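K.L.:
Got a structure here, written out as structure tokens. Questions coming.
The values are calculated or read from the model by the stated rules, or taken from the named source; none is laboratory data. On a predicted model such as this, the values are computed, not experimentally measured, just so you know. Accessible surface areas use protein heavy atoms only, side chains included; no ligands, DNA or RNA. Shrake-Rupley method; radii C 1.70, N 1.55, O 1.52, S 1.80 Å.
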Amino acid sequence: MMPERLLTPLQAAKFLGVSPRTLANWRSRGGGPKYTKLGNPPPQGRQDRRPVRYRLHDLETYGSILTRTETR
């Protein structure tokens with residue numbers, strides 16, 4: 001079994017055709033594609049600065065959700 005490929009926010013943004021800032025906004029608002037944070041969570045009350053990564057499969061799934069066949 002091949003290890004799952006993880007993309008940085010910059011790579012994920014290029015894949016989806018949006019800006020990295022758009023991905024960050026989606027994350028902060030609870031939308032956009034699924035993502036993961038690497039490493040151990042910070043202690044309670046501390047800001048979470050762990051690196052964000054996106055699974056290629058999740059980006060492909062999210063991209064297919066956005067695909068439209070009509071303008072409605």
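K.L.:
Run the 1.4 Å probe and let me know the accessible area of THR8, rounded to the nearest 10 Å².
P.N.:
Using a 1.4 Å probe on the heavy atoms, I get roughly 40 Å².
K.L.:
If you don't mind, there's one more thing I want to ask. I want to verify the translational diffusion coefficient of region 1-42 in µm²/s; compute it with Stokes-Einstein, Rh as the Kirkwood radius over Cα pairs, at 10 °C and 1.306 mPa s.
P.N.:
Working: Rh = 11.5 Å.
Reported coefficient: 138 µm²/s.
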